[in-house]
Amino acid sequence: MKSRADRILIGGFVAVLFSMSLLFVILPYRSFSEVENRPLQHIPQLSWANIWSKTFSEETENFITDHFPLRTEWVWAKSVMEQLRLQQENNGVYKGKDGYLFEKFAEPSYKQVQQYTEAVKQFAQAHPEVDMTFLLAPTSSGMYPEKMPWLAPIYSQAKVNAFIAEQLKGSLSFMNGFDTLSSHVAEQLYYRTDHHWTTHGAYLAYAAYARKMGWKPLAESDFTITTVTDSFLGSYHTKSQFAGLKPDSIQAYIPKNPVDTSLYIADTNQTFASLYDFSFLAKKDKYSYFLGGVHALMKITSKLDPQTVKQEKLLVIKDSYAHSFIPFLTLHVPEIDVIDIRYYNGSISKYMLENGITKVLFLFNTTTFIDNNAIMKLS
């Protein structure tokens, strides 16, 4: 009897192992997760250099994790079990107060951060003729630590931002998002279920940047503020799968005096007459309503009154925090080039020279910047 039970147990284990292996092979390869709103690990490249640097083993582990069969369903099942145990954390995301979700923020490797800031610093020093500004925005866990669960470990983003500011001193202008947003902490600056700032948070950052550049920012009363969706469950919800959360709303700030603007996406060689892609409002990744999501290179042109233009061109090197921020810039700058350094592999210095760019804005959130080795492309 025992022998039979053992055979059934072993047979079941082998069947499950074989089925999962088969699914891993036959399921279609995906380069991007719409549910998690992030690129998935590509197929590792086998080479002596990658083996020696341990890159191959790390990428192989990430590839298996990212493409594990039914991964989304397993994350959901784990979340259900964690909530039944009354846990306030799942998959690196905390369930905080007032319906907010927060991603863990641990103490970074300051040696690594220093390498990234050194790359930015050397890039700025290599182009003394270019006016550069670095805007570093905290995420919601940095701005709202009091909303975190009791005793949840959280490292100070303010300390990290101050370190980065000190490292970049003397090479370019630095704007600390804490300085801009802290006086508005009672307002909804961030989505509750997503890692991005709200359009209101982006507006406040735009107004501060405009004043720094010598422009007169438009008042909020100069916009028609429209709720384009009230069913947004963002990246933190996707990662944690916590149930019973109130969805976020996404607002668009449409200028009452509209500007004729076109968006060219170099990745696909397409031009659009709007900065907003309404098709994403029917998808999981609703934040991609702004600029149509992530692209390596974009060019935005606006027909502005030449009498009011103080700056002809601007290059924005950014992460996705810039997507709800850039539409405000189109009210002041006729030509804006946008590079996502995570996906752009050309020479940025060459691009600046060929396009006559003399002003650059770096815009990153703290979490992305300290964990984004793509910034090393600058050097």
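If you check 322, 273, which single one turns out to be modelled with pLDDT of 95 or more, farther than 24 Å from residue 201 by Cα, in the same structural domain as residue 372 (by TED's automatic domain parsing) and out of contact with any Pro (no Cβ under 9 Å at 6 or more places or on another chain)?
Selected residue: 273, the only one of 322, 273 that is modelled with pLDDT of 95 or more, farther than 24 Å from residue 201 by Cα, in the same structural domain as residue 372 (by TED's automatic domain parsing) and out of contact with any Pro (no Cβ under 9 Å at 6 or more places or on another chain).
When you go through (1) within 13 Å of the chain's Cα centre (by Cα); (2) over 26 Å from residue 176 (Cβ atoms) one by one for residue 325, which number turns out not to apply?
That leaves (2) as the condition not met.
Which numbered condition in (1) in contact with a Gly (Cβ under 6 Å, 6 or more places away or on another chain); (2) in a loop (DSSP other than H, G, I, E, B) is the only one that residue 102 fails?
Among (1) in contact with a Gly (Cβ under 6 Å, 6 or more places away or on another chain); (2) in a loop (DSSP other than H, G, I, E, B), the lone unmet condition for residue 102 is (2).
Write out, first by first residue and then by second, each pair whose Cβ atoms fall under 8 Å of each other, whose residues are 6+ apart or on separate chains, and whose first residue, in the stretch 81-99, is within 20 Å of residue 248 (Cβ to Cβ) while the second is of a type in the set (Val, Ile, Thr) and modelled with pLDDT under 85.
Note: pairs meeting the criteria are 91/75.
Yes or no: residue 180 at pLDDT 95 or above, touching a Leu at 6+ places or on another chain (Cβ under 9 Å) and more than 30 Å from residue 312 (Cα to Cα)?
No.
Can residue 319 be described as under 30 Å from residue 141 (Cβ atoms), among the acidic types (Asp, Glu) and touching a residue at least 60 places away in the same chain (Cβ under 8 Å)?
no
Just to confirm my filter: which helices (runs of 4 or more DSSP H) fall fully inside the stretch 140-196 and include at least 1 residues that are of a type in the set (Phe, Trp, Tyr) and under 14 Å from residue 365 (Cβ atoms)?
Result: 177-181.
Within the stretch 345-377, count every residue that is out of contact with any strand residue (DSSP E or B) (no Cβ under 8 Å at 6 or more places or on another chain) and either assigned to a helix (DSSP H, G or I) or surrounded by 19 or more Cβ atoms within 10 Å (Cβ to Cβ) (or both).
Qualifying residue count, the stretch 345-377: 11.
Determine if the stretch 192-208 includes at least one residue that is crowded, with 19+ Cβ neighbours inside 10 Å and either more than 21 Å from the chain's Cα centre (by Cα) or farther than 23 Å from residue 103 by Cβ (or both).
There is at least one residue in the stretch 192-208 that is crowded, with 19+ Cβ neighbours inside 10 Å and either more than 21 Å from the chain's Cα centre (by Cα) or farther than 23 Å from residue 103 by Cβ (or both).
Take the stretch 290-318 and flag every residue that is surrounded by fewer than 22 Cβ atoms within 10 Å (Cβ to Cβ), part of a loop (DSSP other than H, G, I, E, B) and not β-branched (Val, Ile, Thr).
Of everything in the stretch 290-318, those that are surrounded by fewer than 22 Cβ atoms within 10 Å (Cβ to Cβ), part of a loop (DSSP other than H, G, I, E, B) and not β-branched (Val, Ile, Thr) turn out to be 292, 293, 295, 296, 304, 305, 306, 307, 310, 311, 312.
Taking the condition touching a helix residue (DSSP H, G or I) at 6+ places or on another chain (Cβ under 9 Å) and outside any helix (DSSP H, G or I), does residue 117 pass?
Judged against the criteria, residue 117 is not a match.
Of all residues in the stretch 120-134, count the ones that are in a helix (DSSP H, G or I) and among the small types (Gly, Ala, Ser).
1
Of all residues in the stretch 144-191, count the ones that are surrounded by fewer than 16 Cβ atoms within 10 Å (Cβ to Cβ), of a type in the set (Lys, Arg) and within 21 Å of residue 98 (Cα to Cα).
So the count comes out to 0.
The values are calculated or read from the model by the stated rules, or taken from the named source; none is laboratory data. Given the structure is predicted, the values throughout are model-derived calculations rather than measurements. Positions of Cβ are backbone-derived with ideal geometry, glycine not excepted, and every protein chain shown enters the neighbour counts.
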